[in-house]
1. Residue separation times 0.36 nm, minus the C-alpha to C-alpha distance between R83 and T41: what's the value?
2. Can you tell me the Rg and the Dmax, both Å, for the Cα atoms in the stretch 2-209?
3. Pull out the extension gain between R186 and Q18, defined as 0.36 nm times the separation in residues minus the alpha carbon to alpha carbon distance; nm, one decimal.
4. Suppose only helical runs count, i.e. DSSP H with n ≥ 4. What mean residue ellipticity at 222 nm does that imply for the chain under -39500 (n - 2.57) per run, divided by all residues and rounded to the nearest 500 deg cm²/dmol?
5. If I require 20 Å or longer along the helix axis, counting alpha carbons, and a Kyte-Doolittle average no lower than -1.0, what helices from the chain are left? Use full DSSP H segments.
6. Name the lysines eligible as straight-distance cross-link partners of K12: C-alpha to C-alpha under 17 Å, and not fewer than 8 places from it in the same chain.
7. Quick check: residue separation of T57 and S100 times 0.36 nm, minus the Cα distance between them. What number comes out in nm?
8. Please figure out what share of the DSSP beta bridges in the chain is antiparallel and state it in percent, rounded to the nearest 5.
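What follows is calculated from the coordinates using simple rules that are stated; it is not laboratory data. Since the model is a prediction, treat every value here as computed from it, not as a measurement.
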Amino acid sequence: MRLVLATRNEHKLRELAQIMRPYELEPLPAEVALPPETGTTFAANALGKARVAAAATGRPAIADDSGIEAAALGGAPGVWSARYAGDGATDEQNLAKLLSEVPPDGDRRVTYVCALAYVEPGGAEEVVHGRCEGELAREPRGEGGFGYDPAFVPRDYHGRTMAELDPAEKDAISHRGRAARELVRRLVELDAERRPRGLITDVFSRRRGAG
């Protein structure tokens, strides 16, 4: 099955395309305008984007909304992570603002949160969540990832930031990776209810038949 991914973020498209297999993701058509992220929860924003994409394309669509929550800031920036330093802010500007506001000797616990929504045109809807706990580094490190990754040190990963992990390591523990794997599990169950053989069985059968 092919799913439309309701995002303009190429980093998210690359990450989710790997994790969501056997489902295939395709980018949102350029003419489809996404709604503003005005929700007060990650789930509300993700559902809004997925609903618009599904209605505009007539195809099943998925969308995520994700961000970082800092314990020292009462959970901020949260749903405002992508525009923490203002509308149109770069990843570097958002990260710099967060690093400046979390006290150097204070509580440096941070949590990545992701809500991933699936919407069928006029049909089923699913929302799943993923979380990753960690600490905020004192300065950015690493060349990989995006967003707040250069300062997010996941628990039990030998002090490396998300930006210092290779893609497979990051996908295994990230908030987006965990949400995506849960969504795949739920979609496989939904497919099995609709078709007794199920999507995964069909995929494996075709592979065996292809020799």
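1. Numbers: separation 42, 0.36 × 42 = 15.12 nm, distance 1.47 nm.
Value of the extension gain: 13.6 nm.
2. Rg, Dmax (Cα atoms, Å): 17.8, 61.
3. 58.8 nm
4. Values: 6 runs with 75 residues, N = 211.
-11000 deg cm²/dmol, from helical runs alone.
5. Span-like helices, by this rule, are 42-57, 175-194.
6. By straight Cα distance, K12 reaches K49, K170.
7. Details: separation 43, 0.36 × 43 = 15.48 nm, distance 4.19 nm.
Full-extension gain reported as 11.3 nm.
8. On the way: 25 of 31 bridges.
The answer is about 80 percent antiparallel.
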